[in-house]
Every structure is written in C-alpha cells, then in structure tokens.
Amino acid sequence: MHPVRKQRLWVVLSIVLFSTVAIGLAAYALRGNINLFYPPVDVAAGKAPLATPIRVGGMVVEGSVQRSDTTLETRFTVTDYQANVEIVYEGILPDLFAEGEGVVASGRLGADGVLQADEVLAKHDENYMPPEVAEALKNSATAGVTP
Amino acid sequence: MIPELGHFALVIALVMAVALTVVPLWGSWRGNYAAMRLAPTLAAAVTVFCLISFVCLAIAFLQDDFSVKVVASNSNSLLPSIYKFSAVWGNHEGSLLLWVLILSFWLAAVATLSRGLPTVMLARVLSVMGFIGVGFMSFSLFTSNPFERLLPGVPADGNDLNPLLQDPGLIIHPPLLYMGYVGFSVAFAFAVAALMGGRLDAAWARWSRPWTNVAWAFLSLGIMLGSWWAYYELGWGGWWFWDPVENASFMPWLAGTALIHSLAATEKRGLFKSWTVLLAIFAFSLSLLGTFLVRSGVLTSVHAFAADPERGLFILAFLAIVVGGSLTLYAVRAPSVRSRIGFGTVSRESLLLVNNVVFLVATLTVLFGTLFPLLMDALGQGKYSVGAPYFNAVFVPLMACLVPFMGVGPISKWRDDSVYRWRSRMLVPALVVLACGAGFPLLSDQSFNIWVALAVVLAGWLVAGLVQDFRDRNSNSPSLLRSLRRQTPSYWGMVLAHCGFALAIIGVVATSQYNIERDLRMAPGETETLAGYRFEFKETVRLRGANYLADGARFEVYQGDKLISTMLAEKRRYLASGSVMTEAAIDGGLFRDLYIAMGEPVGAGGAWAIRLHYKPMVRWMWLGAIFMGAGGLLTVTDRRYRRQPSRSAVPVGGADVVQA
C-alpha cells in the first residue's frame, strides 16, 4: 500500500478504536449509573420502580424529621403537597438540610414505600431550589392543590 | 455616586469594545493601516474602563453600600474586609464583571506583548477578543447589572455572603479559573484571525502557543484550587464530584490539553494545522458552554446561582454566534490551509495524535455525560442525573490508555522513528518500573492492591521516559550541571507538567483505594481507631468568630502512644444569615491526611455525628496540578517566544528536533 494511505489507515483505525472503546465504556457506564427523578406524587401512585436507583425530591415536612438516639439514622418525609414519601438515611446530612426546605434524595425504594437513601442533597444557598423540586412543586400547584 | 460611576465606566468600556470590534477589522479588510493601528489603543481603553468599573464595585462592597442590590444581598457589615472584597465575585453579577475584567487584562497583555506581530494579525486578534468583550459586557449590562440600586428602601444591613464562600481558597479560585477560561479566548482569537488571513503557518503557532500554555496553566491551577476548596470546605472530604460545573471547567482543560500538544506539532513541523485551529475553537466554545451551564442554572449543581432563563438564553445565543460564526469561517477557509507534510507511522507526531484523540474522546464523553440530563429533559424523557460512577468508568480507562504512549513521547523523534529504537531505549526502564509497581504497594500495611500497583507502573513509566530522554540528550555532556543548564525552559516545562501528571495519577489512585472513612456517633470521652490512628474525642467547646458562633469538637490523635495532633472541627452558625456550615479539621501531610468533620448533635449526652477520614497521599494530586501549572507557565520564558518574530514565514519542519 502507498505509505501515505497506509498512514491514513492507521490514523483512521486508531480514531475508530478509541471512539469505540469510549462509546462502549459510556454505554456500559450509563446502564447502571443514571437515575430518574420521581416527584412524591408518582412514588405514591406506584409509578416508581422498586429496588432501582432513583431520586425523589420535595419539601421536608415540618415536624417529620426523627433522629435516632443511638445511630446516625434519620427519618423524614418529603412532600410535593399532593403526596408524601418517607425517606430513611443513615449518615451525616448536609448543613442546609432543614424542615421546610427542598431536598433531593437518591436511593432505592423499598417494598414498604420507604426510600432508603444513600445520598441527600439540600439546597446550598438562600435562593436556590433544586430544579426538579421546583418543577414538581409547580406541577402540583397547577394541578389545583394549594400548598 | 460611585456605583453610577462604575456603571458609566462599564458603558464606556462597551462602546470602546464595539469600536475595537469594528474599526480595526474594517481596517484589515480595506487595508487601512491607520484603522488597524488603533487596535492596541482601543484595547487599552477597554482595559482601563473595565478596571474603573470593577474598582467601583469593589469600593461599594468595602464601604458597605447596601443601596446597591448585589452588595445588600451578598455582603454584611460584620464580614471581614477581605471577604467583603472577595464577595465582589461571590455572586452572579460580580463574577461576570470579573470575567469581563480578566478578558480586558488578556486584551491588554496581547496588545502590549505582541508588538512584533504583523499589524493586520494583531488588529484581527484584538478585534475578535473585542467582540467577545462586547458579548459579555452587554450580557452584564442588559441582564445582570451589578450596579443596580435598591432605592428607596435601602436595607440597614446586608444578607451576608454565603458562608461556603467565606474562605481564603475562594478568594483566588475564581480569578485563577477565569484567567484560564478567558485565556482560551486568546487562542481562539489567534485561530480566527489566522483563518481570516488564510495564513496558518508555524509562525502563527509560535505566536499562539505561549498564550495557550499560560491559559492552560491558569486553568489547571484554578481547577486544582476548586478541588482543594471542595475538599476542606464542603465537609465531606470529597475532592471531585463530577458535578456539572466542575465538568464545565474540566472540559476546556481537556480540550486545551489536546490543543497545547497539537500546537507543538504545528509549530515544530507545520502539521495538523486545520485540526489545531478547530481545537482552539472547540476549547473556547467549551469555556463558553461552561459559562452557560453555570450562569443559566439549567443543571442541578452545587455551583448554580439562582436560575434565570433570560440569562441562559443570552449566553446560548452568544454561544451560537461564536461557535456558528467561527465554524463557518473554518469551513470556508480551512480547505485552503491543508498541509502537505508527511510523517512516519512510528514518530512523535503519531504519539501526539494519540494524545489528541484520547483527550478529544475524553472531552466528548464528559460532555455527553454532562449534557445527557439536559437532552433527556428536552426530549421529555424525564429528569435523569448522571452520577460519578459513569464518569469514573469512562474517564479512568481512557487516561490509562494514554499513559503508555505518553511515557514514550519524550524519547520519540519527530518525523520518523523506529519501534526497535523505542524498545532498546525503554526496555530497562520498563523492567525497573514493573518491579517498582510490584514492590511499592507492599509498603502499605494493607493487602496488595492491584490498582495501586498499576498506578505506580503507569506513573513510573512516565517518569522513566523523561529520565531516559534526559540521559539521551546529555550522553556526551561533561557534567550534570552543564546538562541541566543546557536545556530550554520549554523542555523543563514539559518535564514538570508530565511529572505532575504522574504525581496526580498516584495521588488519585492511592486516595481512592486506601481511603478509609467512617461516619459515627461519638460523645466526648469516646475513642475510635482508624488506620492505626486513635482518635480521642476530648470535649466540645463554644467558639465565637467575627461573624459566627460555633460548636467545636476537640480531638487528640495518637499513633501508638505518641500524640500526633490536636484537631478542632467546627460547626459554625453565621449570625447574619443564620446558615450553618461545617469547618473540617484537617491534619495534612505528604503521605496522609486525617480529616474530622462534625455532623449534627445526636440524641442526649452531648454526642455528635462525626465523620472521620484517613486519606493517604491525597495531596499528591493537587501537587501534580501545581506541577502542571508551573510547567505551563515555565514554557513561556523560552527565549524563542521572546525573540521578535520574523515577519516572513518560518521554515517548516526545521532542524531543532531536540526541543520538546
């Protein structure tokens, strides 16, 4: 083969090789590592899958936060003012986690309808609201339910 | 009065920037040298008025002028002065003004340091940068004016700066990061100017290269500071979260890394010209995309400011103009600048090509992961999030693929080389490195870890290539000192940066693999042992700072019977905003960090949720980033960039094969 063509072939082959590796890795990694957001109303209606990584978000219901005396387990309820979901989390909650504030929890839903969270994200400044929560709240407001 | 002055100065700066965009460009089109020679003066004017504007805003912050809206919502009279100053860019409006200011600094730097450039080229470069300035100044003025007043109804005191931002690291992180982000606009401007002139040669690459290296170096340092800040300030001991905004700064860095390597090939051999131009456009577009992601609040991120769709739309439109315009220009002009230079399949050029392919693919996978949630949302497929495992699974193997080639890079020859030569050069180093890889993890008291072994092999391979190269260069040099002095700054820059990469590999892998973390409930008097360190919770204390009250947890850490360190973790409540923040206690060292953070009080008896971490070699990756940044900066001092560039085209594929 002509040397220039041969070289071009190598260039093209290496690009194809690396892109294939990347696409393969991306597809493999995407399978288990993306998770979908469900507002509490969907979870309560049984639309969320069980034992699959999902995210649930809403406002933490006032007076719902219960901390264990002996372990780091915390139970709380989030709401979109249409339905509630109970969440259990073991670990240290973020600083801005508080009753009456918006949070997003990621974890797996148990058969009892309680979300076993392995991560809880709270808002991080005064004005910011996680977009998912904001939209869930907006949707429930337009559904004619007053908060 | 002062804020109005600042506002007015920004308006003048915008007018000057418009003039800078239009007049010299018109001059370069018509061949009017008087118009072209106006460019440096106009650039200086833009800089001066941006600076005045910024200083006015800073004065408003320092003087607690709460009639200005951003001051009222982001500062407080109790705030220490240094944080009042850094609060200037601790908010959307002010940070945008900083963006503009830094762009104007780059403008001034190009205008003063590039006197040797042909007048037409300089005029075009400054015009393109002026256009970018116009975009961002009008963004600032029309959608997020930092000088907006709250009249009447001036609040008695401000809302306070977000406590997370009250930190020395955050004083310098945004300016450094922006230096990098915005610095790629220079590479972009050079690329576009070269496309306009239809002249892409080695001289162009030589002009563009130092600017690109500096921008890349600042970006490396900025990202490193951000990672370090997240580590000690966010209180959960992580150092990289693959958060969309981190990705936003990381993607230009990846593209920039490809760019500085492809520029090397373009300068030395006149190769990959159109590719280099495309990369320059790509790197800056990613910077703009990053700005869009941060400013529009479209993605859930710890960095997002309060969302405002109008702002997002503005940047998106600007992004479309810049990317669309430059790519159109590229499509029209690039076919005429194809190079006719060949190179061997086994050569330094091929290795640089591998570097480019890997970094580009890495950029695209990160881009895909970052935009995937947006894409699915736009398609109505629901609200997804892509987590760190995706990025790790994709990114880490790609980098591992890169390193074998990277090790050979320094010893390889331009144009044509042979596998046989590589083998003869690298065989002994390879064996040494493999032995180190097998032996090094045994030094740890934990069980043999294959990933750490692999990381040591890869990092060692990089260093071995550099050492072998150094020996080859100086095989007939009489003394070591003489050999050290004979090398050019750009060579040392390359060595530093590659060593930094090796350090970062070891740091990242060792921390991820050997890291031990435990969240537990501890009361004063209790003890916990972690990785051979005994943490004794001595007492809780009440503390008072300038603008906060805090609970502190005092720990004593023993190794055996020896007291290693007394550590004080804090939980602060800021007075003005009432927000709570964790201040971790860190006992740092080159080989391990001990990390204590307080959660919340648990139950009765004064117990707290406590997070204890043992993080071996975590500092190596920041050290690595510092090395990379220092390397990038060092290359600029190379004499060949200071020399007045000749106006004729430099011979391509010259004889200086020895230089990196």
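Within the range B:201-216, which residues are surrounded by fewer than 24 Cβ atoms within 10 Å (Cβ to Cβ) and more than 30 Å from residue B:626 (Cβ to Cβ)?
Correct list: B:201, B:202, B:203.
Across the range B:575-591, what is the total count of residues that are within 14 Å of chain A (Cβ to nearest Cβ) and out of contact with any Gly (no Cβ under 9 Å at 6 or more places or on another chain)?
Qualifying residue count, the range B:575-591: 4.
Tell me, which helices (runs of 4 or more DSSP H) wholly within the range B:400-487 include 3 or more residues that are over 31 Å from the mean Cα position of the chain (by Cα), among the charged types (D, E, K, R) and closer than 30 Å to residue B:262 by Cβ?
Result: B:419-443, B:450-473.
Suppose we keep only residues that are of a type in the set (Lys, Arg) and within 38 Å of the chain's Cα centre (by Cα) within the range B:508-541. Which one would you say is surrounded by the fewest Cβ atoms within 10 Å (Cβ to Cβ)?
B:518
Can you give me the ranges of the strands (runs of 3 or more DSSP E) entirely in the range A:22-106 with at least 3 residues that are assigned by TED's automatic domain parsing to the domain that holds residue A:117, hydrophobic (A, V, I, L, M, F, W, C) and closer than 30 Å to residue B:579 by Cα?
Result: A:53-60, A:84-90.
Going through the range A:22-41 one residue at a time, which ones are more than 14 Å from the chain's Cα centre (by Cα) and either within 18 Å of residue A:109 (Cβ to Cβ) or facing another protein chain (nearest Cβ under 7 Å) (or both)?
Across the range A:22-41, the qualifying residues are A:22, A:25, A:26, A:28, A:29, A:30, A:41.
What's the number of the only condition in (1) assigned to a loop (DSSP other than H, G, I, E, B); (2) touching a Pro at 6+ places or on another chain (Cβ under 6 Å) that residue B:539 fails to meet?
(1)
Every residue, every condition in (1) of a type outside the set (A, V, I, L, M); (2) modelled with pLDDT of 90 or more, yes or no:
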site	(1), (2)
A:21	no, no
A:36	no, no
A:49	yes, no
A:66	yes, no
A:85	no, yes
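Count, please, the residues in the range B:268-287 that happen to be at pLDDT below 90 and in contact with a Phe, Trp or Tyr (Cβ under 8 Å, 6 or more places away or on another chain).
Residues that pass the stated criteria total 4.
Looking at the range B:596-641, which of the residues that are in contact with a Lys or Arg (Cβ under 6 Å, 6 or more places away or on another chain) and under 19 Å from residue B:239 (Cβ atoms) is surrounded by the fewest Cβ atoms within 10 Å (Cβ to Cβ)?
Going through the qualifying residues, I end up with B:616.
State yes or no: is residue B:140 more than 29 Å from residue B:166 (Cα to Cα) and of a type in the set (Gly, Ala, Ser)?
For residue B:140, the condition - more than 29 Å from residue B:166 (Cα to Cα) and of a type in the set (Gly, Ala, Ser) - is not met.
Looking only at the range B:108-122, count every residue that is surrounded by fewer than 18 Cβ atoms within 10 Å (Cβ to Cβ) and assigned to a loop (DSSP other than H, G, I, E, B) and tell me the total.
Of the residues in that region, 3 qualify.
Could you run through the range B:592-614 and say how many residues are under 22 Å from residue A:90 (Cβ atoms) and more than 8 Å from chain A (Cβ to nearest Cβ)?
12
Which residues, taken from the range B:365-392, are within 17 Å of residue B:254 (Cα to Cα) and touching a Phe, Trp or Tyr at 6+ places or on another chain (Cβ under 9 Å)?
Hits for the range B:365-392 are B:365, B:366, B:369, B:370, B:391, B:392.
Can you pull out every residue in the range B:538-552 that is touching a Gly at 6+ places or on another chain (Cβ under 8 Å) and closer than 17 Å to residue B:578 by Cα?
B:542, B:543
Say whether the condition of being outside any strand (DSSP E or B), closer than 30 Å to residue A:69 by Cα and either touching a residue at least 60 places away in the same chain (Cβ under 8 Å) or of a type in the set (Ser, Thr, Tyr) (or both) is met by at least one residue in the range B:501-509.
Checked the range B:501-509: no residue is outside any strand (DSSP E or B), closer than 30 Å to residue A:69 by Cα and either touching a residue at least 60 places away in the same chain (Cβ under 8 Å) or of a type in the set (Ser, Thr, Tyr) (or both).
Please identify the pairs in which a residue from the range B:1-20 that is assigned to a helix (DSSP H, G or I) has its Cβ atom under 6 Å from the Cβ atom of a residue that is of a type outside the set (A, V, I, L, M, F, W, C), counting only partners at least 6 apart or on another chain.
Within 6 Å, the pairs are B:6/B:53; B:9/B:53; B:10/B:53; B:17/B:130; B:17/B:133; B:20/B:130.
What are the residue pairs meeting all of these: first residue in the range A:49-76, first residue at the interface with chain B (Cβ under 10 Å from one of its Cβ atoms), second residue acidic (Asp, Glu) and in a strand (DSSP E or B), Cβ atoms under 7 Å, and 6 or more apart or on different chains?
As it stands, the answer is A:71/A:90; A:72/A:90; A:72/B:519; A:73/A:90, since those pairs meet every condition given.
What's the number of the condition residue B:101 fails, among (1) surrounded by 20 or more Cβ atoms within 10 Å (Cβ to Cβ); (2) within 25 Å of residue B:575 (Cβ to Cβ); (3) of a type in the set (A, V, I, L, M)?
(2)
Among the numbered criteria (1) surrounded by fewer than 21 Cβ atoms within 10 Å (Cβ to Cβ); (2) at the interface with another protein chain (Cβ under 10 Å from one of its Cβ atoms), which one does residue B:310 miss?
Evaluating residue B:310 over (1) surrounded by fewer than 21 Cβ atoms within 10 Å (Cβ to Cβ); (2) at the interface with another protein chain (Cβ under 10 Å from one of its Cβ atoms) leaves (2) as the failure.
It is to be established whether one or more residues within the range A:6-20 are assigned to a strand (DSSP E or B), crowded, with 18+ Cβ neighbours inside 10 Å and facing another protein chain (nearest Cβ under 10 Å).
The answer is no, given that none of the residues of the range A:6-20 is assigned to a strand (DSSP E or B), crowded, with 18+ Cβ neighbours inside 10 Å and facing another protein chain (nearest Cβ under 10 Å).
Being modelled with pLDDT of 85 or more and charged (D, E, K, R) is the requirement here; does residue A:95 meet it?
For residue A:95, the condition - modelled with pLDDT of 85 or more and charged (D, E, K, R) - is not met.
On the basis of being without any contact (Cβ under 8 Å) to a residue 60 or more places away in the chain, under 22 Å from residue A:30 (Cβ atoms) and touching a Ser or Thr at 6+ places or on another chain (Cβ under 8 Å), does residue B:361 make the cut?
Taking the combined requirement at face value, the residue satisfies it.
Just checking, does the range B:331-351 include any residue being modelled with pLDDT of 80 or more, away from chain A (no Cβ under 11 Å), in contact with a Leu (Cβ under 9 Å, 6 or more places away or on another chain) and surrounded by fewer than 21 Cβ atoms within 10 Å (Cβ to Cβ)?
Looking through the range B:331-351, at least one residue is modelled with pLDDT of 80 or more, away from chain A (no Cβ under 11 Å), in contact with a Leu (Cβ under 9 Å, 6 or more places away or on another chain) and surrounded by fewer than 21 Cβ atoms within 10 Å (Cβ to Cβ).
Give the residues of the range B:123-179 that are more than 14 Å from every other protein chain (Cβ to nearest Cβ), more than 24 Å from residue B:16 (Cα to Cα) and not in a loop (DSSP other than H, G, I, E, B), sorted by residue number.
Once the filter is applied, which keeps residues that are more than 14 Å from every other protein chain (Cβ to nearest Cβ), more than 24 Å from residue B:16 (Cα to Cα) and not in a loop (DSSP other than H, G, I, E, B), the range B:123-179 yields B:149, B:168, B:169, B:171, B:172, B:173, B:174, B:176, B:177.
The values are calculated or read from the model by the stated rules, or taken from the named source; none is laboratory data. What you are looking at is a predicted structure, and each value in this text was computed from that prediction instead of being measured. Backbone-built Cβ (ideal geometry, glycine too); neighbour counts: all protein chains shown.
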